1. Quick one: Cα convex hull volume of region 74-218, Å³ per residue?
2. Taking the Cα centre of region 64-273 as origin, work out the dipole magnitude from +1 charges on Lys and Arg Cβ and -1 charges on Asp and Glu Cβ, in debye rounded to 20.
3. Please turn the phi angles of region 99-108 into ³J(HN,Hα) values with the Karplus equation 6.51 cos²θ - 1.76 cosθ + 1.60 (θ = phi - 60°), one per residue in order, whole Hz, x for glycine and proline.
4. Multiply the residue separation of Leu45 and Met174 by 0.36 nm, subtract the distance between their alpha-carbon atoms, and state the gained length in nm to one decimal.
5. So, by mean Cβ neighbours within 10 angstrom, what's the order for 68-74, 142-148, 263-269 with the highest one leading?
6. Per q in 0.21, 0.29 1/Å, what log10 I(q)/I(0) does a Debye calculation on the alpha-carbon atoms of region 39-85 return?
7. What list of ³J(HN,Hα) values in whole Hz, one per residue of region 253-266 in order, does the Karplus curve 6.51 cos²θ - 1.76 cosθ + 1.60 (θ = phi - 60°) give from phi, with Gly and Pro shown as x?
8. How far is the Cα center of region 76-90 from the Cα center of region 101-160, in Å?
Amino acid sequence: MSAVIDDVAIHASQLAGAARARRARHAALAKNVLLPIATAAAFLLGWEWFVHAYAVPAVILPPPSEVLATLIRLWPLLAQHAVPTTTEAVAGFVLATVFGAVLATALVASSWIRAALYPNVVFFQLIPKIALAPLFIVWLGIGTESRLAFSLFISFFPVVIATATGLTNVPADMVRLCKSLTASDWQVFASVRFPYALPYIFSGMKIAITFSIIGVVVGEFITAQAGLGYLILFASSKAETGLILAAITVLCGVGLTLFALVALAERLVLRRYGPQAGR
């Protein structure tokens, strides 16, 4: 009889635990998904009401409904200009990630390289990079090269700083353990430093993907004949505020999509190669 009672108690405990887990998932969904959506919806409704209530001219601030109508009506044009912006931003991001990771590895591997380059990296990080955009036009002309180079330049530093920080913030006992087992420097890097640095690397990559888009758009403001930055500048010269906001909406969508792809890659890579992989 007591065994039956114990089984019932265990089953009841398991059901209670499952119910708590469901409530926790529902609370997380409401907090992380539904709350941001509700906040954005409230903002848009308030914007719509404000424009109509105070008769704000559309050239100053069109209502969200008009922006949506413009977005739908001119979607082919917006999509056409989104292609070069997205392509150049992704290319700049990839180059920044590769070069940034390589430089950060060199900074950690050699104290001489670190002493020679790290202060200069920090110095260049402090420069207001937007002010340097005209120099890239002078050096590389008005083509794709200048926009790509500026996108690389502006998104390069977050990857360097984050990767270098990750490679140095490794538990010292793990490194000592590997050394005591006669592991080579490469084995320590591949088995300990790199897995522990991955969360830092992806943090830098998340910042870099947003910076790369900013770099491309700034370049398009100055030189391009295509792209969302060019379209925004063209619409502003015609005082087409609805088109400006529609292009900005598409630009936000591109940025969110690219950021989400980096976040998805982070989850997959950390699951396979991170410090907790296989546990």
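1. 119 Å³
2. With Lys and Arg at +1 and Asp and Glu at -1, about 500 debye.
3. Per-residue couplings from phi come out as 5, x, 5, 5, 5, 4, 4, 5, 4, 7 Hz.
4. 41.0 nm
5. The most tightly packed comes first, giving 142-148, 68-74, 263-269.
6. Evaluating at q = 0.21, 0.29 Å⁻¹ gives log10 I(q)/I(0) of -0.77, -0.97.
7. Once rounded to whole Hz, the list reads x, 4, x, 5, 5, 5, 4, 5, 5, 5, 5, 5, 4, 4.
8. 24 Å
Laboratory data are not the source of any read-out in this text; all were calculated from the coordinates shown. None of these values were measured; they are calculated from a predicted model. Here Cβ is always computed from backbone atoms with ideal geometry, including for glycine, and neighbour counts include all displayed protein chains.
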